[in-house]
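Working notes, structure below.
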Amino acid sequence: MSFYRTVLAAVAAIAIASPVFADDSAAVAPAMDSTPAATTTTEATDTTQSTEAKINLNTASAKELMKAKGINAAKARAIVAYRKKHGNFKSIEDLANVKGFKKMNADGLKAIEDQLTIE
């Protein structure tokens, strides 16, 4: 019986210690239009430009950061937590101070840095 209590206590401690991240932005989902719109070439180019746009390291939520190739959920949460604790990033090189990026090789860090911006 005590084994199960120990396991239950461990699971509860992990659940309590794990931060829950909601979308940091206060944006509300746009209302759906009842009339279907045809996809135009401008919409197609807008979607390709949005995938090429750099992600702002100081304002992006964890979900937005995960869109960058090489940043998983844990790293995205670590970036947001670091930003809340230490303030905005002054340069992209400050990313090396974030947990999960300290032991990353220079090539991997450079690939991620190319997708991010500081504004």
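Has the stretch 50-63 got at least one residue that is modelled with pLDDT under 55, loosely packed, with under 10 Cβ neighbours inside 10 Å and closer than 17 Å to Thr117 by Cβ?
Yes, some residue in the stretch 50-63 is modelled with pLDDT under 55, loosely packed, with under 10 Cβ neighbours inside 10 Å and closer than 17 Å to Thr117 by Cβ.
Can you name the residue in the stretch 89-107 that is loosely packed, with under 12 Cβ neighbours inside 10 Å and not aliphatic (A, V, I, L, M) and is also farthest from Lys54 (Cα to Cα) among such residues?
As a first pass, look at the stretch 89-107 and keep what is loosely packed, with under 12 Cβ neighbours inside 10 Å: 90-91, 93, 97, 102-103, 105-107.
Checking which are not aliphatic (A, V, I, L, M) leaves us with 90-91, 93, 97, 102-103, 105, 107.
Numbers: Lys90: 16, Ser91: 14, Glu93: 15, Asn97: 20, Lys102: 22, Lys103: 24, Asn105: 21, Asp107: 18 Å.
So, considering only residues that are loosely packed, with under 12 Cβ neighbours inside 10 Å and not aliphatic (A, V, I, L, M), the one farthest from Lys54 (Cα to Cα) is Lys103.
For residues that are within 20 Å of Met66 (Cβ to Cβ) and among the small types (Gly, Ala, Ser), scanning just the stretch 82-119, find the one that is modelled with the lowest pLDDT.
Looking at the filtered set, the residue picked out is Gly108.
Which of the residues spanning the stretch 74-110 are assigned to a loop (DSSP other than H, G, I, E, B) and charged (D, E, K, R)? Full working, then the answer.
As a first pass, look at the stretch 74-110 and keep what is assigned to a loop (DSSP other than H, G, I, E, B): 87-91, 98-105.
Lys90, Lys99, Lys102, Lys103, listed by residue number.
The values are calculated or read from the model by the stated rules, or taken from the named source; none is laboratory data. Remember, it's a predicted structure, so these values are computed and weren't measured experimentally. Backbone-built Cβ (ideal geometry, glycine too); neighbour counts: all protein chains shown.
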